[in-house]
1. Whether any residue in region 141-149 is charged (D, E, K, R), without any contact (Cβ under 8 Å) to a residue 12 or more places away in the chain, part of a loop (DSSP other than H, G, I, E, B) and closer than 21 Å to Thr259 by Cβ is what I want to check.
2. In region 210-224, which residue that is in a loop (DSSP other than H, G, I, E, B) and of a type in the set (A, V, I, L, M, F, W, C) is farthest from Trp235 (Cα to Cα)?
3. Only one of Ser219, Ser214 is among the polar types (S, T, N, Q), closer than 30 Å to Lys69 by Cβ and surrounded by 14 or more Cβ atoms within 10 Å (Cβ to Cβ). Can you tell me which?
4. Is it the case that Arg7 is under 24 Å from Val156 (Cα atoms), out of contact with any Lys or Arg (no Cβ under 7 Å at 6 or more places or on another chain) and touching a residue at least 60 places away in the same chain (Cβ under 8 Å)?
5. Among residues belonging to region 150-209 that are over 12 Å from Leu261 (Cα atoms) and assigned to a strand (DSSP E or B), point out the one that is least open to solvent (accessible area, probe 1.4 Å).
6. Go through region 122-149 and give me each residue that's under 26 Å from Asn66 (Cβ atoms) and open to solvent by less than 10 Å² (accessible area, probe 1.4 Å).
7. Looking at Glu175 and the list (1) in contact (Cβ under 8 Å) with a residue 60 or more places away in the chain; (2) over 16 Å from the mean Cα position of the chain (by Cα); (3) more than 22 Å from Asn12 (Cα to Cα), which single condition is not satisfied?
8. Would you kindly identify the helices (runs of 4 or more DSSP H) lying entirely within region 1-115 that contain at least 1 residues that are open to solvent by less than 50 Å² (accessible area, probe 1.4 Å), farther than 19 Å from Pro132 by Cα and of a type outside the set (Val, Ile, Thr)?
Amino acid sequence: MEMNLHRKKLINNLANFVSENFIEGHRVNLIKIAEYEELPVYFDHYENTFDGMLVYMDPMFHIHINIDKGNIVNSKRGRFTLAHELGHYLIDEHRIALKYGMISSHQSKNGLLNKDLIELEADYFASCVLMPEALFKDTCARRKFSFTLIQELSNVFQVSIMAVILRFIEVGSREFMVVISKNNMIRWYAKSHDFQKVSFKFKVNSSLPIGSISSMFKSSSDLLTEIETMDTDVWFINKFYSDTIYEQCYYSEINGYLTTLLWFK
């Protein structure tokens, strides 16, 4: 399921408005947003259940954040989880539906796969509020693209690598594609809106293309590969205006996912 462009624009505008008065350097102070909204936030132990949850107990809303799953105050994971729950509260349709019992309190879990629309919207709000569009574009401007840039942005905005990649797909200045795989099997992929319209030599749940750097990657102490030049026909069927493409991979020891970036000069 995907959000339509109109809905994305509304949520992005809301996030930009919310973050405007709470930006400290490159980081949005989420705790101050919650305090401004008089919204209690509890970082506590909830074992291996959820990352975050917004609960309505008449007459107030409350946010619960699970530190047992790594959601420490001001950690990258914790910041995204809190931003996600703030999204549920600040998006009118979510808050009203929860308050009047149209939906029940639900446990939010971080991850890319198998999300319904309400979770996708809260994720998108989190991405937008943590990386406000104008500030993100200004920080990326005139920078050479690679995983090194993604890592730098991750540290500057204190968000995860994947959150940066997804935001870059939305508002960045680079035509590129990301492929997520595990144990040589492709789990998910996405591309920037300006990426060339070509046919892929892969699909979700298929093996990584033979000859790609990704297919030959072996997890080791080196979690980030060098930038390699590849023939486009390794990954794609159609011919491009260029016969070569750059490929670079990043391995996460936390979840075992291999993230592959593909881009042009």
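1. Yes, some residue in region 141-149 is charged (D, E, K, R), without any contact (Cβ under 8 Å) to a residue 12 or more places away in the chain, part of a loop (DSSP other than H, G, I, E, B) and closer than 21 Å to Thr259 by Cβ.
2. Filtering region 210-224 for residues in a loop (DSSP other than H, G, I, E, B) gives 210-212, 217-223.
Then keep just the ones that are of a type in the set (A, V, I, L, M, F, W, C); that gives 210, 217, 223.
Values: Ile210: 9, Phe217: 15, Leu223: 22 Å.
Out of the qualifying residues, it is Leu223.
3. Details: Ser219 fails: surrounded by 14 or more Cβ atoms within 10 Å (Cβ to Cβ).
The match here is Ser214.
4. no
5. Taking the candidates together, the pick is Ile186.
6. Those that are under 26 Å from Asn66 (Cβ atoms) and open to solvent by less than 10 Å² (accessible area, probe 1.4 Å): Ala122, Phe125, Ala126, Cys128, Val129, Leu130, Met131.
7. It fails just one condition, (3).
8. Output list reads 92-99.
The values are calculated or read from the model by the stated rules, or taken from the named source; none is laboratory data. No experiment lies behind these values; they were computed from the predicted model shown. Note that each Cβ is placed from the backbone with ideal geometry, even for glycine, and that neighbours are counted across all protein chains shown. Side chains included, ligands, DNA and RNA excluded: accessible areas come from the protein's heavy atoms. Shrake-Rupley method; radii C 1.70, N 1.55, O 1.52, S 1.80 Å.
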